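Notes to accompany the following structure.
The values are calculated or read from the model by the stated rules, or taken from the named source; none is laboratory data. Since this is a predicted model, take the numbers as computed values, not measurements. For neighbour counting, all protein chains shown are included, and Cβ atoms are generated from backbone atoms with ideal geometry for every residue, glycine included.
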Amino acid sequence: MDEGAFDMAGCLDRIRQQDEGAAREFMERLYPLVLKIVRAHLPRRLSEEDLVQTIFMKVFANLGSYSGQAPVEHWVSRIAVNQCYNELKAEKSRPEWRWADLTEEEQHMMESLASDKEGVSAGESLAARDLLEKLMAGLKPQERLIVRLLHLEERSIADIRKLTGWSVPVVKIRAFRARQKLQKLLNKLTAEEGL
């Protein structure tokens, strides 16, 4: 399509009159722009195509609110960025990992943990650490700190108390709750795969 020959205002009028051909032209014209935005802001759990479709659904649903004061590309870009941002916020507020989110090494590590196999290779150890980091993303910052200090850096409760200023009972309770959450996240992940 020639840049100068495309009549965006006419296309929008035809879309408002339920012209499916105009809607297709509109999508074809703006698809590269929306896809570029999605790729720059893609949440981990969503596919590009799903998010692009969601954005175009929002665009068509809100077409009546487009005032025409700014170019339609700017208006669509704002909707796309806001939708990506909303998806990222939702993902951050509900962090969870699915079996499909894991690398092959991490999946193998999960299978090894489930089978109680003795002896972990260096590659499996690295995969286990990566898996732990992913699971820890589901914890609150204070819980991540406790797990890191107590279990990864192997510091004593007294050391943690000095570093954080928390009382000994607070350190113990937060460590206990963090371990429980990690166990729930791990159980959810293994249940998904049926391990």
Please enumerate the residues belonging to the stretch 132-183 that are under 22 Å from Lys89 (Cα atoms) and of a type in the set (Lys, Arg).
Lys134, Lys140, Arg144, Lys181
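Given the criteria at pLDDT 80 or above and among the hydroxyl-bearing types (Ser, Thr, Tyr), does Ser93 qualify? Give the steps one after another, and end with the answer.
Numbers: at pLDDT 80 or above: no; among the hydroxyl-bearing types (Ser, Thr, Tyr): yes.
Here the answer is no, as Ser93 does not meet what is asked.
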State whether the residues of the stretch 99-106 include one that is part of a helix (DSSP H, G or I), out of contact with any strand residue (DSSP E or B) (no Cβ under 9 Å at 6 or more places or on another chain), among the small types (Gly, Ala, Ser) and at pLDDT below 75.
yes
Candidate set from the stretch 37-59 (those that are part of a helix (DSSP H, G or I) and loosely packed, with under 12 Cβ neighbours inside 10 Å); member that is modelled with the highest pLDDT:
Met57
Pairs only if they're at least six apart or on different chains, beta carbon under 7 angstrom, first in the stretch 53-80 and of a type in the set (Asp, Glu), second in a helix (DSSP H, G or I) and surrounded by 11 or more Cβ atoms within 10 Å (Cβ to Cβ); list them, first residue then second.
Glu73/Leu30; Glu73/Leu33
Do we find a residue being farther than 16 Å from Leu12 by Cα, loosely packed, with under 15 Cβ neighbours inside 10 Å and modelled with pLDDT under 75 anywhere in the stretch 63-80?
no
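Are any residues in the stretch 139-163 basic (Lys, Arg) and under 19 Å from Lys181 (Cβ atoms), and if so, which ones? Walk me through it before giving the result.
Let us first name the residues in the stretch 139-163 that are basic (Lys, Arg), namely 140, 144, 148, 155, 161-162.
Once the filter is applied, which keeps residues that are basic (Lys, Arg) and under 19 Å from Lys181 (Cβ atoms), the stretch 139-163 yields Lys140, Arg144, Arg148.
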Can you tell me which residues in the stretch 153-184 are in contact (Cβ under 8 Å) with a residue 12 or more places away in the chain and hydrophobic (A, V, I, L, M, F, W, C)?
Ile157, Ile160, Leu163, Val171, Ala175, Ala178, Leu182
